Every structure is written in C-alpha cells, then in structure tokens.
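The values are calculated or read from the model by the stated rules, or taken from the named source; none is laboratory data. Note that the coordinates shown come from a computational prediction; the quantities given were computed from them, not determined experimentally. Virtual Cβ from ideal backbone geometry, glycine too; neighbours counted across all protein chains shown. Accessible surface areas use protein heavy atoms only, side chains included; no ligands, DNA or RNA. Shrake-Rupley method; radii C 1.70, N 1.55, O 1.52, S 1.80 Å.
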Amino acid sequence: MVETLSIAVIGAPGVGKTSIIRQFIYNDFSEVYTPTRSRYVYRPSVILNGNMYELKILDIPPISSFPSSSSQEWLDLRCRGVRNANAYILVYDICCVESFEYVKMIRQQIVENREGSSNEVPILVVGNKRDLQRQRVMPRRAVSVLVKKTWKCGYVECSAKYNWHVVLLFKELLGIAVARGMRLNHTSIRLQGALQRNRCTIM
C-alpha cells in the first residue's frame, strides 16, 4: 500500500510557491505571475529507498494567519487540510524582507496552534529567487543561523526560475521527516533522478 505524505506550501504573495511546485512536478516555469487565489492540490509520487510515496502538496493562497482551530480551518476554504499536514514548506523571497516576516509569523503560529507535538512537525524554510542574489535584503548566513539554530527548522535557498535546488528542497524536507520519525523509516536518502512524464521522482 502506498503511503501518503501531506505537505502544505505557504508564503506571502509573489514569493514563487506555485513556481517551485510546478518545477518540481512538471519541470515548468512561467514568466507570467498569476496570483494563487484558491487552494490547489498536487499529487506527485516519489520513490524513496525503493519505496513509493504519494505526496499531497497543498498550494495555499496567502492567509492572514494559521488557523487556530479545526472549526476556523473548515470555515476558510483556503485552509482546508493545513492543520493536519505532515510537513510545511514556508517560502519567502530573498529580495523582500516583508515576505520573511510573514514566514516568521506563520511559523510561530504553527508552533502555537498545531495539535499534538508541534516541535515534531517538519518545517522547511525556503528562500526563493536566488537568481536575484545581488538584490538580497538579508545576509544568507544570518537567516540560516536563525532558522536552523533558533527555530530548529530546515533551510534551503532555490531558484524556481532556473530549477536550481528545487528537487533538493523536497529531498531536504523528506530528510527532516525521516530524522523526526514522521512516517518514513529509512534514514538514508539518495537522489537518483527525476521522471517528469509520469510525475514520479526517484530520490
């Protein structure tokens, strides 16, 4: 039986959430910005250590806050499934300090409002638009230390436009999930390649 891992991708408007997901699944990037107005679910498969897993990737529109209760979650269609996600990818734009402040707020709310042991929920912070490195507003090292040492989260920078480190960030998230005992049992992850036609990534 194929196991399912639910991943919620959250971020401020224009940070590239959808572009990251579409590069991972379809190897596709659009130069035209289309705002995410409703929740969209992608269901790619990954092969990890010879085992297949179904990913349920939730592309979440910008939300004002993480739902504090199940009732609040179900009242807002954009938030359906967010509280029960197995892992989170919080995306910000390395050229926009406000988008990082948004990630900071959402991460804190996840910790405060998640049911069960929130510290065990894998959270990966992703700095997108690395191709615009010269316009960066915060030093990479300072962000990395804050995220990894203080928040105890994973941190990866990528460029959705050039498909740089996109597969890596999903591999990193699964690595965190493995380390924290979330569903996956094997501790070694090896990236072997990607099969885009059938949306199956071998990791």
Exercise. Tell me, please, whether a residue that is under 19 Å from Asp131 (Cβ atoms), among the small types (Gly, Ala, Ser) and at pLDDT 90 or above can be found in the range 63-74.
Key: no
Quiz item: Is there a residue in the range 73-93 that is surrounded by fewer than 19 Cβ atoms within 10 Å (Cβ to Cβ), free of Cβ contacts under 8 Å to residues at least 60 places away in the same chain and aromatic (Phe, Trp, Tyr)?
Solution: yes
Self-check item: Conditions (1) at negative phi; (2) of a type outside the set (Val, Ile, Thr); (3) in a loop (DSSP other than H, G, I, E, B); number of the one not met by Glu172
Solution: (3)
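Quick grid of which residues meet (1) in a loop (DSSP other than H, G, I, E, B); (2) farther than 14 Å from Ile110 by Cα:
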position: Thr36; (1), (2): yes, yes
position: Glu54; (1), (2): no, yes
position: Ile63; (1), (2): yes, no
position: Phe66; (1), (2): yes, no
position: Arg78; (1), (2): no, yes
position: Ala85; (1), (2): yes, no
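Output the residues belonging to the range 151-168 that are basic (Lys, Arg) and either over 17 Å from Arg107 (Cα atoms) or in a helix (DSSP H, G or I) (or both). Break it down into steps so the answer makes sense when it comes.
Here is the first cut: in the range 151-168, the residues basic (Lys, Arg) are 152, 161.
Across the range 151-168, the qualifying residue is only Lys161.
State which residue is most open to solvent (accessible area, probe 1.4 Å) when the search covers only the range 10-40 and only residues that are of a type in the set (Val, Ile, Thr), under 23 Å from Pro67 (Cα atoms) and in contact (Cβ under 8 Å) with a residue 40 or more places away in the chain.
Thr18
I'd like to know if the range 98-119 contains one or more residues that are of a type in the set (Asp, Glu), open to solvent by 60 Å² or more (accessible area, probe 1.4 Å), in contact with a Ser or Thr (Cβ under 9 Å, 6 or more places away or on another chain) and not in a helix (DSSP H, G or I). Show your work before the answer.
Let us first name the residues in the range 98-119 that are of a type in the set (Asp, Glu), namely 98, 101, 112, 115.
The next check asks that each one be open to solvent by 60 Å² or more (accessible area, probe 1.4 Å); those that pass are 98, 101, 112, 115.
If we keep only those that are in contact with a Ser or Thr (Cβ under 9 Å, 6 or more places away or on another chain) too, we end up with 112, 115.
Filter once more, keeping what is not in a helix (DSSP H, G or I): 115.
Yes, the range 98-119 has at least one match.
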Practice problem: Please work out if Ile47 is under 17 Å from the mean Cα position of the chain (by Cα), surrounded by 13 or more Cβ atoms within 10 Å (Cβ to Cβ) and either at negative phi or touching a residue at least 24 places away in the same chain (Cβ under 8 Å) (or both). | Solution: no
Quiz item: What number of residues within the range 122-180 satisfy the criterion of being touching a residue at least 60 places away in the same chain (Cβ under 8 Å), within 17 Å of Glu101 (Cβ to Cβ) and open to solvent by 50 Å² or more (accessible area, probe 1.4 Å)?
Solution: 1
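Residue-wise test of (1) more than 18 Å from Val15 (Cβ to Cβ); (2) within 18 Å of the chain's Cα centre (by Cα).
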site	(1), (2)
Glu54	yes, yes
Asp59	no, yes
Asn84	yes, yes
Val121	yes, yes
Arg136	no, no
